[in-house]
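Below: one structure, written as structure tokens.
Laboratory data are not the source of any read-out in this text; all were calculated from the coordinates shown. The shown structure was predicted, so the numbers you read here are calculated from the model rather than taken from an experiment. Because the Cβ atoms are built from the backbone with ideal geometry, glycine has one as well, and the counts that use them run over all protein chains shown.
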Amino acid sequence: MTTIPEKFAQRVVARYSLTPPVDVRAMLQRYADVIDAQIPIKGVDGVCLNLKVPGKKARVVINASNPPLRRRFTEAHELGHIIIPWHRGTIIDHLDPASSGTGDNYWTFEEEANQFAAELLMPSEWVAHAVHAEPDLAELHRKVSSECQVSPLAASRRLSAMLPANIAFVCDRGGIVEFSGRTANTLAKVPNWGEAFDAQLYEHAETHYSTTINGRALHWWIFPKRVLAATIDDRPWRDVLSQIVEEVGVAPEKRVRFKMSVNGVLSAANSAIKQRGRHTKEDLIAACLQRFDGRDDLHDFAHHPLFLDFVVKRAQELTK
């Protein structure tokens, strides 16, 4: 669903026939006096003055100490404040609004300006065409970042908002997760920013794409929507669960709690599938595999030879 700030950006794109890479500085100078300066306040990206003040042209100060791509996004962000009709007065843009001591209106204005900036720099029509033309999601990520001249993080956020469910991504820089994320309705757990990157993170993904950009490795995974699987083990699922728990070395006094954790993951997957309206065994198996992927606390359990048998048995029971 297109937001109102995005619609304003689309009008600007259409009016000036803009295509990536958008000359955002030239666009901003059409509407405001622009100054580059070292802003001595920590965490401030830019300042927008005289917004909608009668008889005065808006003035924008861009923090010259920020990296080029950050400054470029800030310019688009400030243009959003100018174009969006209800943004008025003076707005100080922080890298971290949560720590700025500002109220709810500030949060709303910042999010709206970010929506405008993303649409201006990465027009949805252009991105949709790129998505259709490039099935390799890592290469798609690199293309959007390079051709739109935005940071890999900004490109990942744009793509994740436009791509379907069952997709996760990680940016790995020097073996450390720089950022990670997933598309809407994806159940897989993504690694925390700043932790060590595990190249074997998602064993049950059906596709893994990777490429590099500016010293970073971009990884994208697609998870199956449905998994066809069966088991010839005729034991009840509780017996299979007990065998796995014992063989992965869970201490006897911790087994009850461990089993509760396992069944909690399964219940969450089952609830998610019910909400989507496709409550079949095959859908639930896929959801369970995705839900267990990336869980460090359940890694050994999810890699046990009987793990799939257990999941199949539970899915059969839960979808009767």
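Positive-end ranking of 107, 47, 31 along the dipole of the stretch 4-121, with charges on Cβ about the Cα centre, is headed by 31. Grouping the Cα pair distances of the chain into 10 Å bins from zero gives a pair-distance distribution of 5, 22, 26, 21, 14, 9, 3, 0, 0 percent in increasing distance order. From the alpha carbon centroid of the stretch 5-42 to that of the stretch 250-320 is 48 Å. Think of each Lys and Arg Cβ as +1 and each Asp and Glu Cβ as -1; about the Cα centre, that makes the dipole of the chain roughly 940 debye. Between 74, 183, 231, the GNM of the chain built on Cα springs shorter than 10 angstrom shows 231 fluctuating the most.
Cross-link pairs exceeding 23 Å between alpha carbons, from the set 7/42; 42/189; 259/313; 225/313: 7/42; 42/189. Beta bridges from DSSP with both residues in the stretch 1-151: antiparallel share about 60 percent, rounded to the nearest 5.
Comparing 284, 140, 18 in a Gaussian network model of the chain, where Cα atoms under 10 Å apart are tied by springs, the biggest mean-square fluctuation is seen for 18.
Would you mind telling me which residue in 279, 129, 81 has the biggest mean-square fluctuation in a Gaussian network model of the chain, where springs connect alpha carbons within a distance under 10 angstrom? In the Gaussian network model the winner is 129. Here the stretch 237-318 is treated with +1 on each Lys and Arg Cβ and -1 on each Asp and Glu Cβ, and its dipole about the Cα centre works out to around 420 debye.
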